[in-house]
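Have a look at the structure below, then the notes.
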Amino acid sequence: MAFFFCLTNEGLEKALKAEMTSRFPSWRLAFSAPGFITYKGDGPWPSPYLARLWGECVGKGSVEGCTTLDLGPVGVWAVHVQTPAPLWKDPLQLSHLELPAEAPSRAWLKAEEAIELSGLDLKSGDSAIEVGSAPGGAVYALLKRGLHVRAVDPAVMDESLKVFPNYRHIKKPFQELTPEETEGVDWWFSDLNLAPGTVLSHVGRLLREVKKPKALIITLKLGKPEMAAEVSQHEQRVREWGFRRTMVRLLPSHHQEVVLIAKP
Ligand SMILES: C[S@@+](CC[C@H](N)C(=O)[O-])C[C@H]1O[C@@H](n2cnc3c(N)ncnc32)[C@H](O)[C@@H]1O
(Lines give C-alpha, C1' and ligand atoms only; values in the text may rest on other atoms or scores of the structure.)
Protein backbone atom coordinates (compact mmCIF):
# COMPACT_ATOMS: atom_id res chain seq x y z
CA MET A 1 0.00 0.00 0.00
CA ALA A 2 1.41 3.39 -1.00
CA PHE A 3 0.27 6.96 -0.45
CA PHE A 4 -0.04 9.57 -3.17
CA PHE A 5 -0.53 13.33 -2.83
CA CYS A 6 -1.90 16.04 -5.13
CA LEU A 7 -1.57 19.77 -4.69
CA THR A 8 -4.29 21.64 -6.54
CA ASN A 9 -5.72 25.13 -6.76
CA GLU A 10 -8.29 25.99 -4.14
CA GLY A 11 -11.80 25.35 -5.47
CA LEU A 12 -10.67 22.51 -7.76
CA GLU A 13 -10.76 19.73 -5.15
CA LYS A 14 -14.08 18.32 -6.39
CA ALA A 15 -12.92 18.22 -9.99
CA LEU A 16 -9.62 16.58 -9.04
CA LYS A 17 -11.46 13.90 -7.03
CA ALA A 18 -13.74 13.23 -10.01
CA GLU A 19 -10.71 12.87 -12.26
CA MET A 20 -8.92 10.52 -9.83
CA THR A 21 -12.02 8.32 -9.46
CA SER A 22 -12.50 7.98 -13.17
CA ARG A 23 -8.86 7.74 -14.37
CA PHE A 24 -7.14 6.06 -11.43
CA PRO A 25 -9.81 3.91 -9.71
CA SER A 26 -7.30 1.78 -7.80
CA TRP A 27 -6.44 4.83 -5.64
CA ARG A 28 -8.81 5.62 -2.76
CA LEU A 29 -9.21 8.95 -0.96
CA ALA A 30 -7.19 9.13 2.27
CA PHE A 31 -7.06 12.78 3.39
CA SER A 32 -8.54 15.96 2.02
CA ALA A 33 -7.87 19.60 2.88
CA PRO A 34 -8.28 22.74 0.76
CA GLY A 35 -5.79 22.40 -2.10
CA PHE A 36 -4.18 19.20 -0.75
CA ILE A 37 -5.54 15.66 -1.20
CA THR A 38 -3.95 12.30 -0.51
CA TYR A 39 -4.84 8.81 -1.76
CA LYS A 40 -3.85 5.29 -0.83
CA GLY A 41 -3.56 2.49 -3.31
CA ASP A 42 -1.44 0.22 -5.42
CA GLY A 43 -0.34 0.02 -9.00
CA PRO A 44 1.20 2.62 -11.30
CA TRP A 45 1.46 6.13 -9.89
CA PRO A 46 -1.26 8.47 -11.19
CA SER A 47 -0.44 11.65 -13.13
CA PRO A 48 -3.55 13.81 -12.73
CA TYR A 49 -4.28 16.78 -14.95
CA LEU A 50 -5.89 18.80 -12.20
CA ALA A 51 -2.91 19.01 -9.86
CA ARG A 52 -0.03 21.52 -9.87
CA LEU A 53 2.23 19.06 -8.07
CA TRP A 54 1.92 15.38 -7.26
CA GLY A 55 3.89 12.34 -6.16
CA GLU A 56 4.47 9.91 -3.33
CA CYS A 57 3.29 11.06 0.07
CA VAL A 58 5.77 9.83 2.68
CA GLY A 59 3.98 11.28 5.69
CA LYS A 60 3.59 14.22 8.06
CA GLY A 61 6.65 16.13 9.24
CA SER A 62 10.10 16.42 7.68
CA VAL A 63 11.90 13.28 6.51
CA GLU A 64 15.51 13.18 5.35
CA GLY A 65 15.83 12.79 1.60
CA CYS A 66 12.26 13.98 0.96
CA THR A 67 10.89 17.31 -0.26
CA THR A 68 9.17 19.20 2.54
CA LEU A 69 5.89 20.91 1.77
CA ASP A 70 4.82 23.52 4.30
CA LEU A 71 1.06 23.66 3.89
CA GLY A 72 0.35 26.14 6.70
CA PRO A 73 -2.67 25.04 8.72
CA VAL A 74 -2.57 21.57 7.11
CA GLY A 75 0.95 21.04 8.47
CA VAL A 76 4.31 20.04 7.06
CA TRP A 77 4.43 16.99 4.79
CA ALA A 78 7.30 14.91 3.42
CA VAL A 79 6.92 13.88 -0.23
CA HIS A 80 8.76 12.60 -3.28
CA VAL A 81 7.70 14.84 -6.17
CA GLN A 82 6.86 13.04 -9.42
CA THR A 83 5.54 15.97 -11.49
CA PRO A 84 7.56 16.09 -14.72
CA ALA A 85 9.71 19.21 -14.90
CA PRO A 86 8.33 21.14 -11.94
CA LEU A 87 8.22 24.67 -13.08
CA TRP A 88 8.86 27.19 -10.44
CA LYS A 89 11.39 27.29 -7.61
CA ASP A 90 8.57 27.61 -5.13
CA PRO A 91 8.03 24.11 -3.61
CA LEU A 92 4.25 24.58 -3.81
CA GLN A 93 4.53 25.48 -7.51
CA LEU A 94 3.07 28.93 -7.19
CA SER A 95 4.45 31.23 -9.85
CA HIS A 96 6.52 34.33 -9.06
CA LEU A 97 4.56 36.34 -11.64
CA GLU A 98 2.61 39.42 -10.60
CA LEU A 99 -0.26 40.81 -12.60
CA PRO A 100 0.73 44.27 -13.95
CA ALA A 101 -1.70 46.98 -12.85
CA GLU A 102 -2.33 48.02 -16.47
CA ALA A 103 -3.11 44.49 -17.78
CA PRO A 104 -6.70 44.41 -19.12
CA SER A 105 -7.47 41.09 -17.34
CA ARG A 106 -6.08 38.29 -15.17
CA ALA A 107 -5.65 36.20 -18.30
CA TRP A 108 -2.26 37.98 -18.58
CA LEU A 109 -1.15 35.53 -15.87
CA LYS A 110 -2.49 32.49 -17.74
CA ALA A 111 -0.61 33.48 -20.90
CA GLU A 112 2.66 34.27 -19.15
CA GLU A 113 2.54 31.13 -17.00
CA ALA A 114 1.82 28.94 -20.05
CA ILE A 115 4.73 30.53 -21.94
CA GLU A 116 7.10 29.90 -19.01
CA LEU A 117 5.76 26.38 -18.46
CA SER A 118 6.42 25.22 -21.96
CA GLY A 119 9.48 27.34 -22.68
CA LEU A 120 7.81 28.70 -25.81
CA ASP A 121 10.37 30.61 -27.84
CA LEU A 122 8.19 33.58 -28.72
CA LYS A 123 10.22 36.18 -30.60
CA SER A 124 9.55 39.83 -31.24
CA GLY A 125 8.09 40.06 -34.76
CA ASP A 126 6.36 36.66 -34.56
CA SER A 127 2.69 36.48 -35.29
CA ALA A 128 0.03 35.21 -32.86
CA ILE A 129 -3.71 34.82 -32.81
CA GLU A 130 -5.90 34.52 -29.76
CA VAL A 131 -9.47 33.29 -30.11
CA GLY A 132 -11.53 34.33 -27.10
CA SER A 133 -9.42 37.42 -26.47
CA ALA A 134 -11.61 39.99 -24.71
CA PRO A 135 -10.90 42.08 -22.74
CA GLY A 136 -7.28 41.42 -23.61
CA GLY A 137 -4.93 40.38 -20.77
CA ALA A 138 -3.23 37.68 -22.86
CA VAL A 139 -3.14 39.87 -25.98
CA TYR A 140 -1.46 42.57 -23.88
CA ALA A 141 1.19 40.05 -22.75
CA LEU A 142 1.91 39.07 -26.37
CA LEU A 143 2.00 42.67 -27.64
CA LYS A 144 4.43 43.62 -24.85
CA ARG A 145 6.67 40.79 -26.08
CA GLY A 146 6.71 42.46 -29.50
CA LEU A 147 4.41 40.05 -31.33
CA HIS A 148 1.92 40.93 -34.08
CA VAL A 149 -1.40 39.89 -32.57
CA ARG A 150 -4.81 39.12 -34.05
CA ALA A 151 -7.43 39.21 -31.30
CA VAL A 152 -10.63 37.35 -32.19
CA ASP A 153 -13.71 38.00 -30.07
CA PRO A 154 -17.15 39.49 -30.73
CA ALA A 155 -16.87 41.23 -27.33
CA VAL A 156 -15.21 44.55 -26.61
CA MET A 157 -11.44 44.66 -26.26
CA ASP A 158 -9.73 47.06 -23.86
CA GLU A 159 -9.19 50.47 -25.48
CA SER A 160 -5.61 50.68 -24.19
CA LEU A 161 -4.48 48.01 -26.69
CA LYS A 162 -5.03 50.38 -29.60
CA VAL A 163 -1.69 52.10 -28.92
CA PHE A 164 0.13 48.99 -30.19
CA PRO A 165 0.65 49.26 -33.98
CA ASN A 166 0.84 45.45 -34.33
CA TYR A 167 -2.58 44.84 -32.82
CA ARG A 168 -5.69 43.92 -34.80
CA HIS A 169 -9.12 43.13 -33.38
CA ILE A 170 -11.19 40.75 -35.54
CA LYS A 171 -14.58 41.38 -34.00
CA LYS A 172 -16.51 38.21 -34.76
CA PRO A 173 -17.03 34.62 -33.55
CA PHE A 174 -13.92 32.53 -34.22
CA GLN A 175 -16.02 29.95 -36.11
CA GLU A 176 -16.36 32.56 -38.88
CA LEU A 177 -12.62 33.15 -39.37
CA THR A 178 -11.47 32.85 -42.97
CA PRO A 179 -8.20 31.15 -44.03
CA GLU A 180 -6.80 34.62 -44.92
CA GLU A 181 -7.42 35.77 -41.34
CA THR A 182 -5.62 32.77 -39.82
CA GLU A 183 -2.80 32.39 -42.37
CA GLY A 184 0.83 32.84 -41.28
CA VAL A 185 0.26 32.55 -37.55
CA ASP A 186 3.25 31.28 -35.50
CA TRP A 187 1.46 30.86 -32.17
CA TRP A 188 -2.20 29.93 -31.75
CA PHE A 189 -3.81 30.83 -28.40
CA SER A 190 -7.36 29.89 -27.48
CA ASP A 191 -9.13 30.99 -24.30
CA LEU A 192 -12.80 30.48 -25.09
CA ASN A 193 -15.49 30.02 -22.48
CA LEU A 194 -16.99 27.20 -24.55
CA ALA A 195 -16.98 23.41 -24.12
CA PRO A 196 -13.58 21.95 -25.13
CA GLY A 197 -15.22 19.62 -27.69
CA THR A 198 -16.77 22.59 -29.50
CA VAL A 199 -13.53 24.57 -29.39
CA LEU A 200 -11.48 21.69 -30.82
CA SER A 201 -13.96 20.90 -33.59
CA HIS A 202 -13.67 24.40 -34.99
CA VAL A 203 -9.96 24.94 -34.28
CA GLY A 204 -9.20 21.63 -36.02
CA ARG A 205 -11.19 22.67 -39.07
CA LEU A 206 -9.50 26.09 -39.24
CA LEU A 207 -6.02 24.58 -38.85
CA ARG A 208 -6.56 22.19 -41.76
CA GLU A 209 -6.54 25.14 -44.13
CA VAL A 210 -3.31 26.85 -43.04
CA LYS A 211 0.37 26.09 -42.32
CA LYS A 212 0.81 24.48 -38.87
CA PRO A 213 1.66 26.99 -36.14
CA LYS A 214 4.71 26.39 -33.90
CA ALA A 215 2.42 25.64 -30.98
CA LEU A 216 -1.18 25.62 -29.84
CA ILE A 217 -1.90 26.97 -26.36
CA ILE A 218 -5.49 26.03 -25.65
CA THR A 219 -7.37 26.63 -22.41
CA LEU A 220 -9.76 23.74 -21.78
CA LYS A 221 -12.62 24.97 -19.61
CA LEU A 222 -13.89 22.30 -17.23
CA GLY A 223 -17.31 23.65 -16.32
CA LYS A 224 -18.29 20.48 -14.44
CA PRO A 225 -16.00 18.22 -12.38
CA GLU A 226 -16.72 15.19 -14.60
CA MET A 227 -15.30 17.05 -17.63
CA ALA A 228 -11.80 16.42 -16.22
CA ALA A 229 -12.19 12.77 -17.19
CA GLU A 230 -12.44 13.78 -20.89
CA VAL A 231 -9.19 15.73 -21.05
CA SER A 232 -7.15 12.77 -22.33
CA GLN A 233 -9.52 12.50 -25.33
CA HIS A 234 -8.91 16.18 -26.16
CA GLU A 235 -5.16 15.63 -25.92
CA GLN A 236 -5.40 12.61 -28.23
CA ARG A 237 -7.47 14.56 -30.75
CA VAL A 238 -4.82 17.28 -31.04
CA ARG A 239 -2.10 14.63 -31.50
CA GLU A 240 -4.08 13.27 -34.43
CA TRP A 241 -3.78 16.67 -36.10
CA GLY A 242 0.02 16.15 -36.11
CA PHE A 243 0.82 18.03 -32.89
CA ARG A 244 2.59 15.08 -31.29
CA ARG A 245 4.32 16.78 -28.37
CA THR A 246 1.52 17.63 -25.98
CA MET A 247 1.24 18.51 -22.33
CA VAL A 248 -1.73 19.34 -20.19
CA ARG A 249 -1.16 21.28 -17.02
CA LEU A 250 -2.92 23.13 -14.28
CA LEU A 251 -1.39 26.59 -13.90
CA PRO A 252 -1.35 28.48 -10.59
CA SER A 253 -3.72 31.12 -12.03
CA HIS A 254 -6.26 28.58 -13.29
CA HIS A 255 -9.78 28.21 -11.93
CA GLN A 256 -12.02 25.57 -13.60
CA GLU A 257 -9.62 24.92 -16.47
CA VAL A 258 -6.30 23.48 -17.61
CA VAL A 259 -4.01 24.39 -20.50
CA LEU A 260 -3.22 22.06 -23.39
CA ILE A 261 0.05 22.96 -25.09
CA ALA A 262 0.78 21.13 -28.33
CA LYS A 263 3.77 21.32 -30.68
CA PRO A 264 4.23 19.52 -34.03
C1 LIG B 1 -12.08 33.80 -20.52
S2 LIG B 1 -12.64 35.01 -21.62
C3 LIG B 1 -11.17 35.40 -22.47
C4 LIG B 1 -10.17 36.21 -21.69
C5 LIG B 1 -9.07 36.73 -22.59
N6 LIG B 1 -8.23 35.66 -23.09
C7 LIG B 1 -8.21 37.79 -21.98
O8 LIG B 1 -6.99 37.69 -22.11
O9 LIG B 1 -8.73 38.73 -21.39
C10 LIG B 1 -13.53 34.10 -22.80
C11 LIG B 1 -13.90 34.89 -24.03
O12 LIG B 1 -14.40 33.99 -25.02
C13 LIG B 1 -15.22 34.78 -25.86
N14 LIG B 1 -16.01 33.94 -26.76
C15 LIG B 1 -17.04 33.10 -26.48
N16 LIG B 1 -17.50 32.52 -27.60
C17 LIG B 1 -16.74 33.00 -28.61
C18 LIG B 1 -16.69 32.73 -30.01
N19 LIG B 1 -17.56 31.91 -30.58
N20 LIG B 1 -15.74 33.36 -30.75
C21 LIG B 1 -14.86 34.21 -30.18
N22 LIG B 1 -14.86 34.49 -28.86
C23 LIG B 1 -15.77 33.89 -28.08
C24 LIG B 1 -16.05 35.59 -24.88
O25 LIG B 1 -16.60 36.73 -25.52
C26 LIG B 1 -14.99 35.94 -23.81
O27 LIG B 1 -14.47 37.21 -24.04
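Criterion applied to LEU200, LEU192, LEU206 was being in contact with a strand residue (DSSP E or B) (Cβ under 7 Å, 6 or more places away or on another chain) and touching a residue at least 12 places away in the same chain (Cβ under 8 Å), and the one residue passing it is LEU192.
Considering only segment 125-179, state which residues are near the ligand (Cβ under 7 Å from one of its atoms) and surrounded by fewer than 21 Cβ atoms within 10 Å (Cβ to Cβ).
Restricting attention to segment 125-179, the residues satisfying the condition of being near the ligand (Cβ under 7 Å from one of its atoms) are 130-139, 152-155, 173-175.
Those that are near the ligand (Cβ under 7 Å from one of its atoms) and surrounded by fewer than 21 Cβ atoms within 10 Å (Cβ to Cβ): PRO135, PRO154, ALA155, PRO173, GLN175.
As a summary of the residue check, PRO225 satisfies the conditions (1) surrounded by fewer than 20 Cβ atoms within 10 Å (Cβ to Cβ); (2) within 16 Å of the ligand (Cβ to nearest atom); (3) of a type outside the set (Asp, Glu) except for the one numbered (2). Does segment 71-91 include one or more residues that are buried (at least 21 other Cβ atoms within 10 Å of the Cβ) and either within 16 Å of the ligand (Cβ to nearest atom) or over 28 Å from ALA33 (Cα atoms) (or both)? Within segment 71-91 (the criterion being buried (at least 21 other Cβ atoms within 10 Å of the Cβ) and either within 16 Å of the ligand (Cβ to nearest atom) or over 28 Å from ALA33 (Cα atoms) (or both)), the answer is no, since none of the residues qualifies.
If you check PHE174 against the conditions, is it farther than 30 Å from CYS6 by Cα, modelled with pLDDT of 95 or more and touching a Leu at 6+ places or on another chain (Cβ under 6 Å)?
Working: farther than 30 Å from CYS6 by Cα: yes; modelled with pLDDT of 95 or more: yes; touching a Leu at 6+ places or on another chain (Cβ under 6 Å): no.
Judged against the criteria, PHE174 is not a match.
For segment 122-131: of the residues being in contact (Cβ under 8 Å) with a residue 60 or more places away in the chain and in a loop (DSSP other than H, G, I, E, B), which is farthest from PHE164 (Cα to Cα)?
The first filter runs over segment 122-131 and keeps only residues in contact (Cβ under 8 Å) with a residue 60 or more places away in the chain, leaving 122, 126-131.
Retained after the next criterion (residues that are in a loop (DSSP other than H, G, I, E, B)): 122, 126.
Values: LEU122: 17, ASP126: 14 Å.
Within segment 122-131, the match that is farthest from PHE164 (Cα to Cα) is LEU122.
Please go through segment 228-264 and give me each residue that is modelled with pLDDT of 95 or more, assigned to a helix (DSSP H, G or I) and surrounded by 14 or more Cβ atoms within 10 Å (Cβ to Cβ), ordered by number. Of everything in segment 228-264, those that are modelled with pLDDT of 95 or more, assigned to a helix (DSSP H, G or I) and surrounded by 14 or more Cβ atoms within 10 Å (Cβ to Cβ) turn out to be HIS234, GLU235, ARG237, VAL238.
Does LEU109 satisfy being part of a loop (DSSP other than H, G, I, E, B) and within 16 Å of the ligand (Cβ to nearest atom)? Full working, then the answer.
Numbers: part of a loop (DSSP other than H, G, I, E, B): no; within 16 Å of the ligand (Cβ to nearest atom): yes.
Spelling it out, it is not the case that LEU109 is part of a loop (DSSP other than H, G, I, E, B) and within 16 Å of the ligand (Cβ to nearest atom).
Got a number for residues in segment 4-13 being surrounded by fewer than 16 Cβ atoms within 10 Å (Cβ to Cβ) and either part of a helix (DSSP H, G or I) or acidic (Asp, Glu) (or both)? Number satisfying all stated conditions: 1. Taking (1) touching a helix residue (DSSP H, G or I) at 6+ places or on another chain (Cβ under 9 Å); (2) in a loop (DSSP other than H, G, I, E, B) in turn, PRO165 satisfies each apart from (1).
Scan segment 23-50 for residues that are among the aromatic types (Phe, Trp, Tyr) and in a strand (DSSP E or B) and jot them down. Quick ask: steps written out before the conclusion?
Of the residues in segment 23-50, the ones among the aromatic types (Phe, Trp, Tyr) are 24, 27, 31, 36, 39, 45, 49.
Hits for segment 23-50 are TRP27, PHE31, PHE36, TYR39.
The values are calculated or read from the model by the stated rules, or taken from the named source; none is laboratory data. In this text the structure is predicted, and so the values were computed from the model without any measurement. Virtual Cβ from ideal backbone geometry, glycine too; neighbours counted across all protein chains shown.
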